[in-house]
Amino acid sequence: MKAAEFDYVRVASVEAACRALAEAGGDGKILAGGQTLVPMLAMRLLRPTLLVDVNRVASLQVIVAGGGEIVIGAGTRQSDALADEIVRRDLPLLAKALGFVGHVQTRNRGTVGGSIANADPAAEIALAALALDCEIVAQSVRGVRTIPIARFFQGAMTTALAADECLVELHFPAAPSGGGRGCGFHEVASRHSDFALAAAAVQLALDGEGACRSVAIAVGGVGGAPLRIDAATERLRGTTLAAEDLAAAAAIVREVVEPASDLHASADYRRRVAGALVERALLDARSEALAGRN
């Protein structure tokens, strides 16, 4: 199929993009990497009247650290984020997740912000961002606002972004310096580069005695949006992350998630796999954290 007819404008600034979206009256779409948008246009699952191309907006393609946070421009290519020293050093969980996104060619075009704005329930970047508790900065002709990621995802392909808003930045809290921190990311997919049937992201920190001081657990592919498993984090906090602790956290995950069955996997399979992946990610994170203390 071919896309339905639409108008196209290439902009050089976020302000120009916001004006174009406002003039489209809620029927415009941002074109960045286009890795999901273009196929959906071709299948006529989306029929916007206007595409706003932001690929030449330099301010959307930055990665900077300072003030206790790491800021990634929404238009930053996934491959650039994966190769960036700041991301690898300060956001290792995001770096691990990026390695699972599509093929090299996909990451060369796809953008970090575009993946989050697309809000696929199985998308790796969104899952890592949720575990890392990042904040979304959106801009429109009405101004700029910050959206906590816990309130950003509202369902499959549905977010808190208004139709006239452009996602401009992702703000990640910087991890405290020092050892005793670790992360893990695991997923199961039908083929390498496919969206995950289930995925798990974990970040944790140990105190000086080797007990769990803080932990974040998020799972994807098992519901309409990525999900943080707060009950599991409460179970683990203060423990030494022994085998029985990890097994208990995995059991909580299996109880909490509500996956659906489809032609790729049954709900029961996704539920069981989600628990197993969380346990594996916790093991990886614990190993990293213990190594960092030595």
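The values are calculated or read from the model by the stated rules, or taken from the named source; none is laboratory data. Note that the coordinates shown come from a computational prediction; the quantities given were computed from them, not determined experimentally. Positions of Cβ are generated from backbone atoms using ideal geometry, with glycine treated the same way; all protein chains shown enter the neighbour counts.
Below are the figures for this structure:
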{"read-out": "Conditions (1) modelled with pLDDT under 95; (2) of a type outside the set (Phe, Trp, Tyr); (3) buried (at least 16 other Cβ atoms within 10 Å of the Cβ): number failed by Arg44", "value": "(3)"}
{"read-out": "Pairs where the first residue, in the stretch 22-46, is farther than 11 Å from Ala4 by Cα and not assigned by TED's automatic domain parsing to the domain that holds Gly114 and the second is assigned to a loop (DSSP other than H, G, I, E, B) and of a type in the set (Gly, Ala, Ser), C-beta under 7 Å, 6+ apart", "value": "Gly26/Ala163; Ala32/Gly75; Gly33/Gly110; Gln35/Gly110"}
{"read-out": "Residues of the stretch 190-206 satisfying the condition of being modelled with pLDDT of 95 or more and surrounded by fewer than 17 Cβ atoms within 10 Å (Cβ to Cβ)", "value": "none"}
{"read-out": "Boolean, Gly67 is without any contact (Cβ under 8 Å) to a residue 12 or more places away in the chain and either within 26 Å of the chain's Cα centre (by Cα) or exposed (fewer than 13 other Cβ atoms within 10 Å of the Cβ) (or both)", "value": "yes"}
{"read-out": "Residue among Ala260, Ala218 that is under 26 Å from Met157 (Cα atoms) and either part of a loop (DSSP other than H, G, I, E, B) or free of Cβ contacts under 8 Å to residues at least 24 places away in the same chain (or both)", "value": "Ala260"}
{"read-out": "Filter result (out of contact with any helix residue (DSSP H, G or I) (no Cβ under 8 Å at 6 or more places or on another chain) and part of a loop (DSSP other than H, G, I, E, B)) within the stretch 54-71", "value": "Asn55, Arg56, Val62, Gly67, Gly68"}
{"read-out": "Qualifying residue in the stretch 236-257 (condition: among the small types (Gly, Ala, Ser), free of Cβ contacts under 8 Å to residues at least 12 places away in the same chain and part of a loop (DSSP other than H, G, I, E, B))", "value": "yes"}
{"read-out": "Extreme residue, surrounded by the fewest Cβ atoms within 10 Å (Cβ to Cβ), among residues of the stretch 247-265 that are at pLDDT below 95 and of a type outside the set (Asp, Glu)", "value": "Leu263"}
{"read-out": "Criterion: at pLDDT 95 or above, charged (D, E, K, R) and surrounded by fewer than 14 Cβ atoms within 10 Å (Cβ to Cβ) - qualifying residue of Glu187, Glu209, Glu244", "value": "Glu244"}
{"read-out": "Filtered residues of the stretch 133-153 (kept if at positive phi and more than 15 Å from the chain's Cα centre (by Cα))", "value": "Gly143"}
{"read-out": "One residue from Ala156, Ala97 being surrounded by 20 or more Cβ atoms within 10 Å (Cβ to Cβ), under 23 Å from Ala274 (Cβ atoms), under 16 Å from the mean Cα position of the chain (by Cα) and of a type in the set (A, V, I, L, M, F, W, C)", "value": "Ala97"}
{"read-out": "The one condition in (1) out of contact with any helix residue (DSSP H, G or I) (no Cβ under 8 Å at 6 or more places or on another chain); (2) of a type in the set (Gly, Ala, Ser); (3) free of Cβ contacts under 8 Å to residues at least 40 places away in the same chain that Ala285 fails to fulfil", "value": "(3)"}
